[in-house]
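Everything below concerns the one structure shown next.
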Ligand SMILES: *[C@@H]1O[C@H](CO)[C@@H](O)[C@H](O)[C@H]1NC(C)=O
């Protein structure tokens, strides 16, 4: 009887993880020495990559991409190889989004009209529209990430609605957001409250009140339990990929695997882990990837279906 209950419990937890298709997200683009985007995807460790960042936009500014040493966005064609990498990543089942904002930049949205114009620019230059000056060539990104850390939060809800209006049953424009862990976020709460966001990767670092510190995860877990109440499909635990990746908040991978993930994996909206950033990820994603999924090896959505219909879960845990 106890054995049966345990088996059912095990099956239920595996099923929940499989339904979620939990995975690892990261940011690529802010360090010239982090390798190519295609190489990041070829590790097989990531299910989502945010290209960072579009650092200038809004209020009539000409939008500018900043990709550190990877290419020079002001030279036509200099960054188009990244578009080929995007296509290669998508071929591996990795979703690639363009991240807006970041901690250094010049951006704001002055009105709903302005938000609409930025959405049109993003649609034509990075998504399913067309323009003569697509920085990443013909690659069609999967969506847009909001990493708004500066200025007013006004009109980002309008931007989310305008981007979302381009979604069709055939092709969704995915939206993600990277708020800081103090709740609600000062820059993204209006946008997230639209209910239009697929992924919310919360930054549990550089934020003393809600991050892991001195061997103690209580503040982080209590903040997590608030974040999972937001109106978004999936919530991710954002952490530094190495001690040097952030001022504070680094969690050793063994602690993440044994003391943090087991306490959040069961949340209905648990989506996985976000790592800042690809450059700093020297073994961290490899050390946590099985734990992100609760020990299941089925990570990608394509494998997910095989696992559900074939139910090889019990014989091959
Ligand atoms: C969540 O957002 C969706 C889409 O905007 C909306 O239809 C729904 O009512 C919202 N749910 C809650 C609980 O606010």
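Computed from the coordinates by the stated procedures, all read-outs in this text should not be read as laboratory data. Because the structure is a prediction, the values reported are computed rather than measured. Note that we place each Cβ from the backbone using ideal geometry, even for glycine, and neighbour counts take in every protein chain shown.
Okay, here's what the table says:
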item: Distance from the range 80-140 to the range 175-210 (C-alpha centre basis), Å; result: 20 Å
item: Percentage of interatomic Cα-Cα distances in the range 22-294 larger than 31 Å; result: 20 percent
item: Calculated [θ] (222 nm, deg cm²/dmol) that DSSP helices of n ≥ 4 give over the chain, each run adding -39,500 (n - 2.57); result: -9000 deg cm²/dmol
item: For the range 51-117, Kirkwood radius (reciprocal of mean inverse C-alpha pair distance, Å); result: 13.3 Å
item: Rounded to 10°, Cα long-axis angle of helix 2-20 versus longest principal axis of the chain; result: 10 degrees
item: Within a Gaussian network of the chain (alpha carbon springs, distance under 10 Å), most fluctuating of 198, 33, 84; result: 33
item: Rounded to 10°, Cα long-axis angle of helix 218-227 versus longest principal axis of the chain; result: 60 degrees
item: Most fluctuating residue given options 87, 239, 202, as computed from a GNM of the chain linking Cα atoms under 10 Å; result: 87
item: Rel. contact order, % - alpha carbon contacts under 8 angstrom, at least six apart, the range 83-212; result: 24 percent
item: Ranking of 282, 290 by count of other Cβ atoms within 10 Å, fewest first; result: 282, 290
item: The range 118-256: proportion of alpha-carbon pairs further apart than 22 angstrom, %; result: 45 percent
item: Radius, Kirkwood style, for the range 94-172 when every pair of distinct Cα atoms is counted (Å); result: 13.1 Å
item: For the range 22-294: relative contact order, % (alpha-carbon pairs under 8 angstrom, 6 or more apart); result: 18 percent
item: Stokes-Einstein D in µm²/s, Kirkwood radius over Cα pairs - the range 212-295 at 4 °C with 1.567 mPa s viscosity; result: 99 µm²/s
item: Gain in span if fully extended, residue 72 to residue 248, counting 0.36 nm per residue against the direct Cα distance; result: 60.2 nm
item: Helix 301-310 vs. the chain, principal-axis angle (Cα, 0 to 90°, nearest 10); result: 30 degrees
item: Per residue Cα convex hull volume in Å³ - calculated over the range 30-165; result: 103 Å³
item: Among 261, 150, 175: highest mean-square fluctuation, GNM of the chain, C-alpha pairs under 10 Å; result: 150
